Amino acid sequence: MLKAIRNRWQRWVNRRIPRSDQRAFGQRNIFILPTGAGVVFAILLLIMLITGINYQNSLIYLLTFLLGAIVVAAMHQTHRNLSGLELTLIQAGEGFAGDMIPFRLRAVSPRHDTLALSLSCDDTVLDQQHIPSGQQADLNLAIPSYRRGYLQPDRILVETRFPFGLFKAWSWLRPVTSGIVYPNPLAAPEVFSTVQDGEEQSKSRSIDGNDHADIRPWREGDMSQRVQWKRYARTGEMVIADWEGEQGSPHWLDYEAFAGVDRELRLGYLAHQVIGRSRSNSRFGLNLPGQVIEPDTGAAHTNRCLRALAVFGLEQPREGGPLPYGTRAGESTRSGGRAGTEGVA
C-alpha cells in the first residue's frame, strides 16, 4: 500500500517537474511543510492559547498572537527565499567507478537574496549556500558513483529552511545531461593483440640488425615481446625497438585479446592499460567491437578512450527510462536477465 502511494507520488512529481537541465522555481513547483521544530512550536502555541483562554490572561493572548504572526511571516519568507531562483546544470563531471562525480550548477537569484540554500543527492549535501540578488554563483555537488556508465541523478533536492527553521521549502532539479563513469582499472594480464596491422607485421622482422628500427628506453606499459632481451643480457639495459620511428607499429589495446573473460573485467583491464599508456606517453589505439579508435597520444585521446570504455554496451539515459548510476537494471529487465551471461566471450 505504501509502495503504491509512493509510486503515485513520484509519478505526479515527475509530471509536474519534467527532466531539464534548467529550472526556475516558482508557485507551481515549490513545496512547503513545517519541520519538526515547526510542529513542536505550533503545539506550544496551541497550549499557550488554551492556557490564555482558561485563565483569561491578556498577556498570554498577546504573546500567543505575536508568536503566531511571526510563524506566518516565517512561512511566507521561507517560500519567498526559494521563489524566483534559477538553477542550471552547466557541466556533468567524469571519473572512475567509486569516485565522487562533480556536477557543476549555476544558481541565479534575480529578484532578491537567496539565503541558506541547500543542495543534496543521496547522502551528499551542499549546505548553507548564499546567492546575492542579481548575481550568479557556481555550485559543485559531488555525487557518488557505483558502476561504470552514465550517471544521471534522478533528482537533486533543492531546499531552504531560512529564516527560523520552522518550515522547509523544497523542490527538485531533474537533469537530462549525464556524467560519465569510467570502469574501475584492474591490473591486466599480458596478452597479445588480435589486430592485424603494422605491429603484427613487425613481429616477423628480425630486430637485431634492422636499420629501420629506433631504439628507446623501456617505459611502463610496453609489451615484453618488444624488449631486446639479448641486449639486456649483454648490457643490463632494457630497451625497445620501434620500427620506422613514430610511424612504426602502434600498441593496440584490444577487447578481443582477453578471450574467455567477463565483459566488465575486460573493460577494467583496458582502462588500466589506457592509463598506463597515457602515463608513459605511448602511442596506442583502442579496438572495441563496433568501434575502433585510431592510435594517438595525449590527454584528449586518453579521455576519448576512457569514455568509450565507460559507455560500451550501454544506452544513453532518456526521459522516462533513465539508467541510474550507470547500472544496467533497466536493460537487464528488458532482456529477461540476458545481461548476466552475455559478458562471457
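The values are calculated or read from the model by the stated rules, or taken from the named source; none is laboratory data. Treat the numbers as computed from the prediction; the structure is a model and nothing was measured. Counting neighbours? That spans all protein chains shown, and the Cβs are built from the backbone with ideal geometry, glycine included.
Numbers below:
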| item | result |
| --- | --- |
| Where residue 46 falls short, out of the listed (1) at pLDDT below 95; (2) more than 28 Å from residue 14 (Cα to Cα) | (1) |
| Residue in region 119-129 that is closer than 17 Å to residue 83 by Cβ, in contact with a strand residue (DSSP E or B) (Cβ under 6 Å, 6 or more places away or on another chain), at pLDDT below 95 and not aromatic (Phe, Trp, Tyr) present | yes |
| Some residue of region 15-26 being in a helix (DSSP H, G or I) and either under 18 Å from residue 162 (Cα atoms) or not small (Gly, Ala, Ser) (or both) | yes |
| Residue count, region 302-320 (criterion: without any contact (Cβ under 8 Å) to a residue 12 or more places away in the chain and either of a type outside the set (Lys, Arg) or not assigned by TED's automatic domain parsing to the domain that holds residue 263 (or both)) | 2 |
| All positions within region 282-301 that are without any contact (Cβ under 8 Å) to a residue 40 or more places away in the chain and polar (S, T, N, Q) | 291, 297 |
| Hits in region 7-33 (condition: more than 22 Å from residue 105 (Cα to Cα), more than 26 Å from the chain's Cα centre (by Cα) and of a type in the set (Lys, Arg)) | 8 |
| Number of the condition not met by residue 164 [criteria: (1) part of a strand (DSSP E or B); (2) surrounded by 16 or more Cβ atoms within 10 Å (Cβ to Cβ)] | (1) |
| Leading residue by the ranking (surrounded by the most Cβ atoms within 10 Å (Cβ to Cβ)) among those in region 119-148 that are assigned to a strand (DSSP E or B) and under 9 Å from the mean Cα position of the chain (by Cα) | 143 |
| Pairs where the first residue, in region 70-99, is in a strand (DSSP E or B) and the second is of a type in the set (Phe, Trp, Tyr), C-beta under 9 Å, 6+ apart | 86/25; 87/25; 89/103; 91/103; 92/103; 94/182; 95/182; 96/182 |
| Residue pairs meeting the criteria (Cβ under 7 Å; at least 6 apart or on separate chains; first assigned by TED's automatic domain parsing to the domain that holds residue 165 and touching a residue at least 24 places away in the same chain (Cβ under 8 Å), in region 125-142; second exposed (fewer than 12 other Cβ atoms within 10 Å of the Cβ) and of a type outside the set (A, V, I, L, M, F, W, C)) | 133/111 |
| Residue that is surrounded by the most Cβ atoms within 10 Å (Cβ to Cβ), among those in region 11-36 that are over 23 Å from residue 177 (Cα atoms) and of a type outside the set (A, V, I, L, M) | 34 |
| Flag if residue 88 is surrounded by 12 or more Cβ atoms within 10 Å (Cβ to Cβ), out of contact with any helix residue (DSSP H, G or I) (no Cβ under 9 Å at 6 or more places or on another chain) and either over 30 Å from residue 185 (Cβ atoms) or modelled with pLDDT under 95 (or both) | yes |
